[in-house]
1. With more than 30 Å from K78 (Cβ to Cβ) and hydrophobic (A, V, I, L, M, F, W, C) as the only criterion, which of M122, M112 stands out?
2. Can you find a residue in the stretch 177-198 that is without any contact (Cβ under 8 Å) to a residue 12 or more places away in the chain and of a type in the set (D, E)?
3. Check P263, P281, P297 and return the single one that is touching a residue at least 40 places away in the same chain (Cβ under 8 Å) and within 25 Å of Y16 (Cβ to Cβ).
4. Mind listing just one residue for me: the one in the stretch 1-41 that is of a type in the set (D, E, K, R) and under 17 Å from the mean Cα position of the chain (by Cα) and, of those, nearest to V181 (Cα to Cα)?
5. Just checking, does the stretch 127-140 include any residue being within 30 Å of Y247 (Cβ to Cβ), in a loop (DSSP other than H, G, I, E, B), of a type outside the set (K, R) and in contact (Cβ under 8 Å) with a residue 24 or more places away in the chain?
6. Out of the residues in the stretch 304-329 meeting the condition of being closer than 18 Å to S38 by Cα and among the aliphatic types (A, V, I, L, M), tell me which one is surrounded by the fewest Cβ atoms within 10 Å (Cβ to Cβ).
Amino acid sequence: MTTSDVLLDVKGLKKYYPIKSGFLKKTTHYVKAVDDISFSVHSGETLGIVGESGCGKSTTGRALLRLIEPTAGEVIYKGVNLASLSDAEMRRKRKDLQIIFQDPFASLNPRMTVGEIIEEPMVIFNLYGGESGRKQKVARLMEEVGLKPEHMERFPHEFSGGQRQRIGIARALALEPTLIVADEPVSALDVSIQSQVLNLMRDLQKQYGLTYIFISHNLSVVKHFCDRIGVMYLGRMVELSPKRELYQEPLHPYTRSLLSAVPIAKPKAKRERIILSGDVPNPANPPSGCAFHTRCPDCMDICKVERPSFVPMGNGRYVACHLYTNGGG
């Protein structure tokens, strides 16, 4: 991949939530949900973003699409900084940028039929030449995601969890977007259904030429579905790497600990299990220096006082760790 392949370029993205206290409700602290992360997404690829719950994965996905407004940073999509667009300009851009939510039931309006849910974005953008054209498009989309077109008059509660997620996928495809943020799209589904939905998403990616940002805490799913993987910890990206290199030779101590917990198919195979001490720090009061130093088995004195830079390691790999910037690796 080259720089000409870059579809989305994220630079210094931040999302801070103010904490107010006292009689006058003055802002005293900030929860740094996303704290200065940068990465790029190439056209046609699937970029995975992984990490523990509360690390800022979902906030990142929503901030990219401005479903929540970023505090700072640039989100450059096809040469246009989305963060600088007006609300009206951003609404027009949403035709190219869609999201699949984690909970397929909560994200679907229970008072609307499935056909109305899928058709709604087409109505907003006045696509497909009127009502008859939209109905035909809805029927085709339902077939493409494995649902029966004759069920478009049913309501979301009449479908299973896997079927509801297929409805969410069809809605995301209704405007034929270029980029889809998939926020834990299979975590609420049974394991037997997860592979079906993932295979469907992969087939649709080939059919529509889609680019995915795939947010998940399941490293086994990410391994089979993504091309590159970014690892987040406490609002910061600590490692970004092509999939194969990440799983064969993880660089960051946090990545190594995550991968050591992934179940393997050979129960008798020996593998070092890295147990992290302590809990994830409070994002409203993060540690100084490297945010991971309070739990890191390789912690050095510099880690406690200086935040490591996100540096390139060659072959498309990046890591934020003093082991590699101060002669330790």
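1. Working: M122 fails: more than 30 Å from K78 (Cβ to Cβ).
Step by step, each of M122, M112 is checked, and only M112 is more than 30 Å from K78 (Cβ to Cβ) and hydrophobic (A, V, I, L, M, F, W, C).
2. Going residue by residue through the stretch 177-198, those that are without any contact (Cβ under 8 Å) to a residue 12 or more places away in the chain are 191-192, 195.
Then keep just the ones that are of a type in the set (D, E); that gives none.
Within the stretch 177-198, none of the residues are without any contact (Cβ under 8 Å) to a residue 12 or more places away in the chain and of a type in the set (D, E).
3. Result of the check over P263, P281, P297: P281.
4. Among residues in the stretch 1-41 that are of a type in the set (D, E, K, R) and under 17 Å from the mean Cα position of the chain (by Cα), the one nearest to V181 (Cα to Cα) is D9.
5. No - not one qualifying residue is present in the stretch 127-140.
6. Restricting to residues being closer than 18 Å to S38 by Cα and among the aliphatic types (A, V, I, L, M), the top hit is V311.
Residue-by-condition table, conditions (1) at pLDDT 95 or above; (2) under 24 Å from the mean Cα position of the chain (by Cα):
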| residue | (1), (2) |
| --- | --- |
| S84 | no, yes |
| K93 | no, yes |
| L97 | yes, yes |
| D103 | no, yes |
| N109 | no, yes |
| T113 | yes, no |
| I118 | yes, yes |
| L127 | no, no |
| E131 | no, no |
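Yes or no, residue by residue, for (1) of a type outside the set (K, R); (2) surrounded by 15 or more Cβ atoms within 10 Å (Cβ to Cβ); (3) more than 20 Å from E239 (Cα to Cα); (4) in contact with a Ser or Thr (Cβ under 7 Å, 6 or more places away or on another chain):
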residue: K25; (1), (2), (3), (4): no, no, yes, no
residue: V31; (1), (2), (3), (4): yes, yes, yes, no
residue: F39; (1), (2), (3), (4): yes, yes, no, no
residue: G44; (1), (2), (3), (4): yes, yes, yes, yes
residue: S53; (1), (2), (3), (4): yes, no, no, no
residue: L65; (1), (2), (3), (4): yes, yes, yes, no
residue: P70; (1), (2), (3), (4): yes, yes, yes, no
residue: V75; (1), (2), (3), (4): yes, yes, no, no
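The values are calculated or read from the model by the stated rules, or taken from the named source; none is laboratory data. Computed from a prediction, not measured in an experiment: that's the story for all the values here. Quick reminder, even Gly has a Cβ in these numbers, built from the backbone with ideal geometry, and neighbours come from all protein chains shown.
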